[in-house]
1. Quick one: which strands (runs of 3 or more DSSP E) sit completely within the range A:48-117 and have at least 1 residues that are away from chain B (no Cβ under 14 Å), over 27 Å from A:E15 (Cα atoms) and polar (S, T, N, Q)?
2. Please verify whether the range B:88-109 includes one or more residues that are closer than 24 Å to A:V46 by Cα, polar (S, T, N, Q) and modelled with pLDDT of 95 or more.
3. Return the pair list, or none, for Cβ contacts closer than 8 Å from residues in the range B:104-117 that are under 23 Å from B:S27 (Cα atoms) to residues that are among the polar types (S, T, N, Q) and part of a loop (DSSP other than H, G, I, E, B), at least 6 apart or on different chains.
4. If only one of A:S61, A:S65, A:S87 is of a type outside the set (F, W, Y) and in contact (Cβ under 8 Å) with a residue 24 or more places away in the chain, which one is it?
5. Only one of (1) more than 14 Å from chain B (Cβ to nearest Cβ); (2) loosely packed, with under 13 Cβ neighbours inside 10 Å; (3) at pLDDT below 95 is not met by A:P41, so which one is it?
6. Could you list, in sequence order, the residues of the range B:30-53 that are of a type in the set (D, E, K, R) and either assigned to a loop (DSSP other than H, G, I, E, B) or more than 9 Å from chain A (Cβ to nearest Cβ) (or both)?
7. Out of the residues in the range B:59-103 that are assigned to a loop (DSSP other than H, G, I, E, B), farther than 22 Å from B:N30 by Cα and of a type in the set (S, T, N, Q), state the one that is nearest to the other protein chains (Cβ to nearest Cβ).
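The values are calculated or read from the model by the stated rules, or taken from the named source; none is laboratory data. Since the model is a prediction, treat every value here as computed from it, not as a measurement. Here the Cβ positions follow ideal geometry from the backbone for every residue, glycine too, while neighbour counts run over all protein chains shown.
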Amino acid sequence: AQKVTQAQTEISVVEKEDVTLDCVYETRDTTYYLFWYKQPPSGELVFLIRRNSFDEQNEISGRYSWNFQKSTSSFNFTITASQVVDSAVYFCALTDVFSGGYNKLIFGAGTRLAVHP
Amino acid sequence: DTGVSQNPRHKITKRGQNVTFRCDPISEHNRLYWYRQTLGQGPEFLTYFQNEAQLEKSRLLSDRFSAERPKGSFSTLEIQRTEQGDSAMYLCASSRALGQATTTEAFFGQGTRLTVV
């Protein structure tokens, strides 16, 4: 069975602090995708990144960076120099890959990030 | 076409009534997904369509739930004889299958928040 665990329920930081959101996953599949989504108060999930299981290179996009470690089944997300606009719930998700492409995403419970001025 | 659109945004209904939600995906997307999100949890997969064909249904989708995508464009999700436990955010997402083995990432709508009183 597939499972995603986000152990941090809520994190509170002051603006300009760096913050890391943890994600640990379980899967028996050898080929899978990992995702991060942001859910602001408006409700829609905003896609941030997709990573496939064969690509363990870390990725940086502006203030965002992701650390994928297959050995520990983790896909952590770091926001550098956080801003108030980063306040949202962040979800890590997993899907398997098979003929027909990936379909359903398995989400973690989310981490609520509050960035204070 | 600016994204996935869901209507209504909010619905309050009395227990036992039927409700129907609509989702309009991004126009070139042939895959459409329904998820349910309860308070403090991540979204849970309900079902998905490729064009008009419903290809997978979760065990969460009881007999009281039915989803359709009659012409491969918009989709409806109907809940019959609503129960208080159906209160949740219902999220729709869409993606484009690029062939057998892959799809684009899923883009989500803002959801329909259902409250059963």
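1. Once the strands (runs of 3 or more DSSP E) in the range A:48-117 are filtered for at least 1 residues that are away from chain B (no Cβ under 14 Å), over 27 Å from A:E15 (Cα atoms) and polar (S, T, N, Q), what remains is A:64-69.
2. Looking through the range B:88-109, none of the residues is closer than 24 Å to A:V46 by Cα, polar (S, T, N, Q) and modelled with pLDDT of 95 or more.
3. B:Q110/A:S42
4. A:S87 is the lone residue from the list that is of a type outside the set (F, W, Y) and in contact (Cβ under 8 Å) with a residue 24 or more places away in the chain.
5. Against the list (1) more than 14 Å from chain B (Cβ to nearest Cβ); (2) loosely packed, with under 13 Cβ neighbours inside 10 Å; (3) at pLDDT below 95, A:P41 comes up short only on (1).
6. B:R36, B:E52 - these are the residues of the range B:30-53 that are of a type in the set (D, E, K, R) and either assigned to a loop (DSSP other than H, G, I, E, B) or more than 9 Å from chain A (Cβ to nearest Cβ) (or both).
7. Here is the first cut: in the range B:59-103, the residues assigned to a loop (DSSP other than H, G, I, E, B) are B:59-64, B:69-74, B:80-83, B:87, B:96, B:98-102.
Among the residues that remain, those that are also farther than 22 Å from B:N30 by Cα are: B:59-60, B:62-64, B:80-83, B:87.
Narrowing the set further to residues that are of a type in the set (S, T, N, Q) leaves B:62, B:80, B:82, B:87.
On the way: B:S62: 17, B:Q80: 23, B:T82: 20, B:S87: 15 Å.
Across the range B:59-103, the extreme among qualifying residues is B:S87.
Per-residue answers, yes or no, for (1) within 10 Å of the chain's Cα centre (by Cα); (2) part of a loop (DSSP other than H, G, I, E, B); (3) under 14 Å from A:A109 (Cα atoms); (4) among the acidic types (D, E):
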position: A:A1; (1), (2), (3), (4): no, yes, no, no
position: A:A7; (1), (2), (3), (4): no, yes, yes, no
position: A:S12; (1), (2), (3), (4): no, no, no, no
position: A:K16; (1), (2), (3), (4): no, yes, no, no
position: A:P41; (1), (2), (3), (4): no, yes, no, no
position: A:E44; (1), (2), (3), (4): no, yes, no, yes
